[in-house]
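The values are calculated or read from the model by the stated rules, or taken from the named source; none is laboratory data. For clarity, every value in this text was computed on a predicted model and none was experimentally measured. All Cβ positions, even for glycine, are placed from backbone atoms using ideal geometry, and neighbour counts span all protein chains on display. All accessible areas refer to the heavy atoms of the entire protein, side chains included, with ligands and DNA or RNA removed. Shrake-Rupley method; radii C 1.70, N 1.55, O 1.52, S 1.80 Å.
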Amino acid sequence: MDGLVQGKVALITGAGSGVGRAAVLLFCEHGAKVIAADIDGTSAEETARLAAAAGGEAVAVTCNVADPTSVDAAVAKAVEAFGRLDVVYNNAGITISPIPGKGLRSLVECDPEEMKRVEDVNINGVVYGCQAAIRQFEAQGGGGAIVSTASVAGLMGYGGVLYGTTKGAVVQLTRALAIEVADKGIRVNAVCPAGMLTRYAGMDPDGEHRGRVLEGMGKAHPLGRAIDPRDTASAAMFLCSDLASNITGVNLPVDGGLYAGRKVGG
Ligand SMILES: NC(=O)c1ccc[n+]([C@@H]2O[C@H](COP(=O)([O-])OP(=O)(O)OC[C@H]3O[C@@H](n4cnc5c(N)ncnc54)[C@H](O)[C@@H]3O)[C@@H](O)[C@H]2O)c1
């Protein structure tokens, strides 16, 4: 049986860890050919190696999403390696560093330099990914799918203010761009995960307290378990697949029901 993204060529950013690595492995498992892009080229190579070991086809590239030239080069690599491009998954993202021993930084505690760095990656990085994707999709005659990893923090007040603001920008970009490029047959969607145990924010997914951390995260979600990077990757892959061919402009929560609301009473 053909996979959900059989034969599609996908560029996935932030591919060296967490959601990005899970997405590369999942897309390959479902028949895609993947460019695994990360600012950390060594981790992207490890992801490509894992994909190959599982029988998939993935090529690693070093790519800084905050640099439009670097993003264009990653798209060019996809075309060179696989002849075309069908999907761009803007997944790379960073957050404001927490205060050791205290946790999330309030807005007034954020350093302007770091704020600019986070905005560059989380907002401009997605914008550059969309621009490069649209140019390539148009050169191929239209069609194609863009998906981005926003966050439930872009839909509601949840966690750091500045981080949530960057993800809110991705949510709005997703809607507005979907309308702008609909007549070219290009679809634009985003996934909005809640808490996942990844390397993000200095967490350690392989640490000795993994079980306890996951249990704590799970309690924050109505369905009772933490979000797995593969949950988010699965939603992204669905949105890129032909099963979602009439879906665009959607910001899909992957949050165990968190954004739906809160149970009141018994
Ligand atoms: N972990 C969570 O709780 C959570 C929740 C909601 C949304 N997200 C979002 O999910 C996405 C994936 O994060 P993750 O949890 O897998 O984190 P992660 O830290 O495990 O992975 C992020 C990857 O992005 C790469 N990266 C960072 N800056 C980059 C840049 N400038 N160019 C290219 N690659 C870059 C890193 O090297 C890393 O491999 C991010 O957009 C993040 O904001 C995470």
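Annotations for the structure displayed:
- When the helices (runs of 4 or more DSSP H) confined to the stretch 154-264 are screened for residues that are in contact with a strand residue (DSSP E or B) (Cβ under 6 Å, 6 or more places away or on another chain) and under 30 Å from Gln6 (Cβ atoms), those reaching at least 2 such residues are found at 161-181, 229-240.
- Pair list, Cβ < 6 Å and 6+ apart or interchain, from the stretch 242-255 residues that are touching a residue at least 24 places away in the same chain (Cβ under 8 Å) to residues that are among the aromatic types (Phe, Trp, Tyr): Ala244/Phe238; Pro253/Tyr259
- Those residues of the stretch 96-134 which are over 20 Å from the mean Cα position of the chain (by Cα), among the β-branched types (Val, Ile, Thr) and at pLDDT 95 or above, in sequence order: Val108
- Across the stretch 197-206, not a single residue is classified as more than 9 Å from the ligand (Cβ to nearest atom), free of Cβ contacts under 8 Å to residues at least 60 places away in the same chain, of a type in the set (A, V, I, L, M) and buried (at least 19 other Cβ atoms within 10 Å of the Cβ).
- Tally of residues being within 16 Å of the ligand (Cβ to nearest atom) and under 17 Å from the mean Cα position of the chain (by Cα) across the stretch 68-95: 11
- For the stretch 26-42, the criterion of a residue being within 15 Å of the ligand (Cβ to nearest atom) and under 20 Å from Asp206 (Cα atoms) is satisfied by at least one position.
- Only a single item in (1) part of a strand (DSSP E or B); (2) open to solvent by 20 Å² or more (accessible area, probe 1.4 Å) is not met by Ser148, and it is number (2).
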